[in-house]
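Just below is one structure, and these are the notes that go with it.
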Amino acid sequence: MRYVKPESFEAAATLLRDETGISRILAGGTDVLVQLKAEMVEPDLMVDLKHLPGMREIVAEDGGFRIGAAVSGAELGEHDAVKAMWPGVVEGVELIGSSQVQSRATMAGNLCTGSPAGDAVPAMVTAEAVARVHGPDGVRDVPVVDIPTGPGKNSLSKGEFITSIYLPARPAHAGDAYLRFIPRTEMDIAVSSAAVSLALDEDGTVTSARVAVGAVAPTVRLVKDAGAALVGSKLDDAAIAAMVHAVEAACSPITDKRGTIEFRTKTAGVLAKRAALIAYGRAGGQL
């Protein structure tokens, strides 16, 4: 295995493009190192990116924040401004692994791994987060929702990698939240999960809403009908019921040893309801 620490993103993209064998990127390393130890993969090339400009930085940009792809969950959780603007996104990232893992795990890595149960992804989707992708053909910005394509798969081409995640600005009366169900009390993989982001007008009526669910489909799923069900309401019972119905209709999970299709579907609706109520309160709404 060759370990390379390139001097630029362009050099990294060229290395990855030209490698004919198996290549892996090292930014946080919490997935890659586990795969190596378990002998699940033997890379011919390991490209270390975490030292490159911006990879470890959180920078204010156009009212929002650009978060480097190597920023750890622990670092993100200590950034008060990001937590205040996007608490649900930070909640998701902070659920990845133990305290030790948090010092290395990254939201970009969680996204690229392509797990339908990735805790960082649903809230990023509802936040309309955008990934900045570098590759042999230059730089492009891709909505986070378009990165995962299936379990363990993503839409990045050969030689491409994410260098940052952009979380956009928010209006004054806005809030988000992320919740998951796990069999244990901590350090487990979501059986189902849900994220909700919404904005209110001055009297507490929802003006926009996005709902996403995880672990209940091959990828994290943005449920547009669920968000639409909340718009124009103050989260009355009818609006919540319509949202839950839309969430359950959007689920297409599998049955495995951790949960049945019916259980995953039911809990996704329950979690979406609870997340919506939390997000509404954070936005300043009165129930």
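Here is how the numbers come out for the structure above:
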{"read-out": "Verdict on LYS83 being of a type in the set (D, E, K, R) and either out of contact with any helix residue (DSSP H, G or I) (no Cβ under 8 Å at 6 or more places or on another chain) or assigned by TED's automatic domain parsing to the domain that holds ILE189 (or both)", "value": "no"}
{"read-out": "Single residue of VAL216, VAL247, VAL231 found to be within 19 Å of ALA174 (Cβ to Cβ) and outside the structural domain of ALA129 (by TED's automatic domain parsing)", "value": "VAL231"}
{"read-out": "Residue identified as touching a residue at least 60 places away in the same chain (Cβ under 8 Å), in contact with an Asp or Glu (Cβ under 9 Å, 6 or more places away or on another chain) and open to solvent by 10 Å² or more (accessible area, probe 1.4 Å) among GLU128, GLU160", "value": "GLU160"}
{"read-out": "Some residue of the range 228-247 being closer than 25 Å to MET85 by Cβ, surrounded by 15 or more Cβ atoms within 10 Å (Cβ to Cβ) and of a type outside the set (A, V, I, L, M)", "value": "yes"}
{"read-out": "Scan of the range 53-76 for residues that are farther than 16 Å from VAL125 by Cα and open to solvent by 10 Å² or more (accessible area, probe 1.4 Å), ordered by number", "value": "PRO53, GLY54, ARG56, GLU57, ILE58, VAL59, ALA60, GLU61, ASP62, GLY63, ALA74, GLU75"}
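Okay, residues lined up against (1) more than 22 Å from GLY227 (Cβ to Cβ); (2) open to solvent by 30 Å² or more (accessible area, probe 1.4 Å); (3) basic (Lys, Arg):
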| site | (1), (2), (3) |
| --- | --- |
| LEU95 | yes, yes, no |
| VAL101 | yes, yes, no |
| THR106 | yes, no, no |
| LEU111 | no, no, no |
| ALA117 | no, no, no |
| ALA120 | no, no, no |
| VAL133 | yes, no, no |
| ASP141 | yes, yes, no |
| ILE147 | no, no, no |
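The values are calculated or read from the model by the stated rules, or taken from the named source; none is laboratory data. Source: prediction; values computed, not measured. Here Cβ is always computed from backbone atoms with ideal geometry, including for glycine, and neighbour counts include all displayed protein chains. Accessible surface areas use protein heavy atoms only, side chains included; no ligands, DNA or RNA. Shrake-Rupley method; radii C 1.70, N 1.55, O 1.52, S 1.80 Å.
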